Amino acid sequence: MIRPANLSDLDALVQLEARCFDTDRVSRRSFHYLLTRGHAMLLVDEEHNGLCGYALIRFQARSARARLYSIAIDHEHRSRGIGRALLTAAEDTARKHGASSMRLEIRKDNHVAARLYGKMGYQPFGTYLNYYADHMDALRMEKTLIPPAPAAMTGNATQPAHGVT
Ligand SMILES: CC(C)(COP(=O)(O)OP(=O)(O)OC[C@H]1O[C@@H](n2cnc3c(N)ncnc32)[C@H](O)[C@@H]1OP(=O)(O)O)[C@@H](O)C(=O)NCCC(=O)NCCS
């Protein structure tokens, strides 16, 4: 089940982050800030025994661009479609906030995430040199977010325009 995170998820998010990333982790303090005061939306995928993954989107005032700040799926739950489902839900959330595009950065050696983003329609458009703590470059990617069809916006549609599976 994909749902917005809340403060009771904080411990699980910090533990998940530590298992998923060796460097450049989102700190507990940052998670707390983003859950309470940041212009952000944190979505989690939860199963009966806890959190499987999260996607974190940030918004900027007066900008129609959203940013996928981070996404991570716990090791044992990978390659089951959860990353794609969370990214789809993140895009839906961004559209509802009025965003017309989503940007992200990815390590140049992260081929698994690059495949996910490529399949989801993200296009490379630039590079940040020496971006990560270990000096790895970041590839910048962007996707235009097509607004929902008019029928979906009026509530007449029987299915959401971009359903979460
Ligand atoms: C990248 C990540 C979020 C993908 O999540 P996931 O739930 O495993 O991905 P999904 O099962 O939804 O797969 C979506 C696509 O990702 C790619 N993918 C997933 N697992 C893969 C693997 N082991 N090898 C190659 N590509 C893979 C495939 O293109 C897949 O689409 P397909 O099934 O149609 O081939 C996950 O591997 C992860 O958390 N990695 C560590 C954290 C990270 O790198 N985050 C991204 C920071 S930019």
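The values are calculated or read from the model by the stated rules, or taken from the named source; none is laboratory data. As the structure is a computational prediction, the values presented were derived from the model and not from experiment. Note that each Cβ is placed from the backbone with ideal geometry, even for glycine, and that neighbours are counted across all protein chains shown. Surface accessibility is based on the protein's heavy atoms, side chains included, excluding ligands, DNA and RNA. Shrake-Rupley method; radii C 1.70, N 1.55, O 1.52, S 1.80 Å.
Across Tyr132, Tyr117, Tyr54, mean-square fluctuation computed from a Gaussian network of the chain (C-alpha pairs under 10 Å connected) peaks at Tyr132.
What share of Cα pairs, in percent, lie more than 24 angstrom apart in the stretch 1-91?
Working: 535 of 4095 pairs.
For the stretch 1-91, the fraction of Cα-Cα distances above 24 Å is 13 percent.
A crude spin-label estimate for the pair His75 and Asp22, with each label 7 Å from Cα along the Cβ direction, gives 1.3 nm.
Out of the total accessible area of the chain (probe 1.4 Å, heavy atoms of protein only), what percent is carbon and sulfur? Solvent-exposed carbon and sulfur of the chain make up 51 percent of the total. Working from Cα pairs under 8 Å separated by at least six residues, relative contact order for the stretch 1-142 is 19 percent. Rolled with a 1.4 Å probe across the full set of protein chains, the surface gives Lys108 an accessible area near 90 Å².
Using the scaling law 2.2 N^0.38 Å as the reference, what is the normalised Cα Rg of the stretch 28-75? List each step's numbers first, then the result.
Numbers: Rg = 12.1 Å, N = 48, 2.2 N^0.38 = 9.6 Å.
Rounded to two decimals, the normalised Rg is 1.26.
With a cut-off of 15 Å between beta carbons, the residues surrounding Phe125 carry a summed charge of +3, where Lys and Arg count +1 and Asp and Glu -1. Divide the volume of the convex hull around the Cα atoms of the chain by the residue count and you get 129 Å³ per residue.
With +1 on each Lys and Arg Cβ and -1 on each Asp and Glu Cβ, and nothing else charged, work out how big the dipole of the chain is about its Cα centre, in Debye to the nearest 20. Walk me through the numbers on the way to the answer.
On the way: 22 positive and 17 negative charges, 120 e Å.
Here the size comes out at about 580 debye.
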